[in-house]
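Shown next, in structure tokens, is the structure this report addresses.
The values are calculated or read from the model by the stated rules, or taken from the named source; none is laboratory data. Worth saying up front: this structure is predicted, and the values here are computed from it rather than measured. Don't worry about glycine lacking a Cβ; one is built from the backbone with ideal geometry, like all the others, and counts go over all protein chains shown. Keep in mind that these areas ignore ligands, DNA and RNA; they rest on the heavy atoms of the full protein, side chains included. Shrake-Rupley method; radii C 1.70, N 1.55, O 1.52, S 1.80 Å.
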Amino acid sequence: MANTVISTEQLHTHVSEHLTTAIMLLDAQLNIRYFNTACCAVLGLGEKRLSEQYFPDLFLHCDITAQHFIGALSSKQGFGVSDVQAVLADGRHLLLDISVTLCETPAEHLLLELRQVDQQRKISLESLQQHQHLAARELIRGLAHEIKNPLGGLRGAAQLLEESLPEELTEYTQLIIAQADRLRNLVDRLLGPYRPAQRTRSNLHQMIEQVRQLAIMDNPGQVQFNRDYDPSIPDFAFDPELLEQALLNIVRNAQQALDQTDNPVISLQSRVLHQHTLHGKRYKLVALIRVIDNGPGIPAEIKDTLFYPMVSGKAGGTGLGLSIAQTLIHQHGGWIDCDSWPGHTEFTLYLPIADTED
């Protein structure tokens with residue numbers, strides 16, 4: 001058999017085309033000079049779209065900007081970043097691990113390695129957040145009960161004291177009673193709904209429309225609501241009252257986030273997912289509700305703790321709305337997820353259609 005002679009360049013190209021990791025080469029102007037087949041798969045773009053393209057133009061938003069790459073070229077040092085949120089020009093968003101290496105070929109270029117980690121991160125994050133959320137809820141419930149007991153005694157003592165005081169001094173006991181009532185109301189909100197979900201076969205879109213009408217009445221004419229519903233979602237068993245409260249908490253948060261936004265828009269979408277896993281269980285059908293707004297986005301410092309009680313990005317906010325919403329969706333075996341960047345915040349509610357569980 002005759003030996004086949006392969007040049008080093010051909011060998012390098014052959015090897016890179018068989019890598020599952022996406023790699024690309026950027027010149028000093030950040031134009032794409034080379035990419036392998038895996039790049040097309042990860043980014044969902046064809047060869048013509050990638051060839052000679054200015055790399056930052058591929059994205060509507062990316063946590064790593066052109067300045068990061070220019071800094072790597074000027075300092076002659078590479079870098080690596082995990083969990084980079086990137087939004088492609090068509091609106092699709094990716095979570096990437098990106099490694100940048102300086103190389104000379106012979107001119108200075110940047111070698112980028114892109115690994116898509118959306119699904120792995122989502123599964124591990126969902127599991128971690130579920131345990132953290134349940135632990136936080138148990139802690140809050142324990143503290144709330146410990147607070148309510150002495151509050152009841154304090155209020156009762158103030159009422160008894162009031163009966164024996166002259167009228168001009170009752171304003172002080174009234175103050176004690178009013179503050180005890182205020183704290184009791186706060187504790188009740190921390191504890192959330194007392195009753196378990198009472199599921200009845202209901203229409204998801206009727207519930208979403210009810211929330212939309214309530215939100216419009218709260219702020220008439222200030223926010224434009226767009227609707228995009230999937231009519232194929234069947235009626236299924238859920239608690240309309242609890243689900244309405246959860247969705248309304250999210251929509252009202254979105255309305256408040258749009259206070260300083262020109263042309264504020266909230267989009268309400270519904271979709272159905274097939275063969276989707278939630279909390280380690282696989283369901284044939286899962287109903288999905290998205291609430292999307294074009295506000296400033298969620299501050300980076302609270303993204304990881306967004307659903308914790310008492311965490312809020314609003315001045316004067318109690319930080320209970322999202323925590324309660326997550327609890328209510330948990331009661332349905334579901335989950336709430338969030339993606340956010342400047343100009344786009346998207347909350348996604350996942351609800352298993354229980355009678356189609358595998």
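Listed here are the residues, each with its yes/no results for (1) at pLDDT below 75; (2) in a helix (DSSP H, G or I).
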| residue | (1), (2) |
| --- | --- |
| 147 | no, yes |
| 154 | no, yes |
| 175 | no, yes |
| 179 | no, yes |
| 189 | yes, yes |
| 195 | yes, no |
| 206 | no, yes |
| 210 | no, yes |
| 214 | no, yes |
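Taking the stretch 268-286 as the search range and keeping residues that are farther than 15 Å from residue 233 by Cα and open to solvent by 70 Å² or more (accessible area, probe 1.4 Å), which one is modelled with the lowest pLDDT?
Looking at the filtered set, the residue picked out is 280.
Across the stretch 67-98, what is the number of residues that are part of a strand (DSSP E or B), of a type in the set (A, V, I, L, M) and within 17 Å of residue 345 (Cα to Cα)?
6
Could you check how many residues of the stretch 67-93 are modelled with pLDDT of 85 or more, open to solvent by less than 30 Å² (accessible area, probe 1.4 Å) and not small (Gly, Ala, Ser)?
Going through the stretch 67-93 one residue at a time, the tally reaches 5.
Could you check the stretch 246-267 and list, in sequence order, the residues that are among the aliphatic types (A, V, I, L, M) and crowded, with 20+ Cβ neighbours inside 10 Å?
246, 247, 250, 251, 254, 257, 258, 266
Here is a check on your reading of the model: is residue 101 assigned to a helix (DSSP H, G or I) and either within 27 Å of the chain's Cα centre (by Cα) or at pLDDT 75 or above (or both)?
Considered against the rule, which asks whether it is assigned to a helix (DSSP H, G or I) and either within 27 Å of the chain's Cα centre (by Cα) or at pLDDT 75 or above (or both), residue 101 comes out as no.
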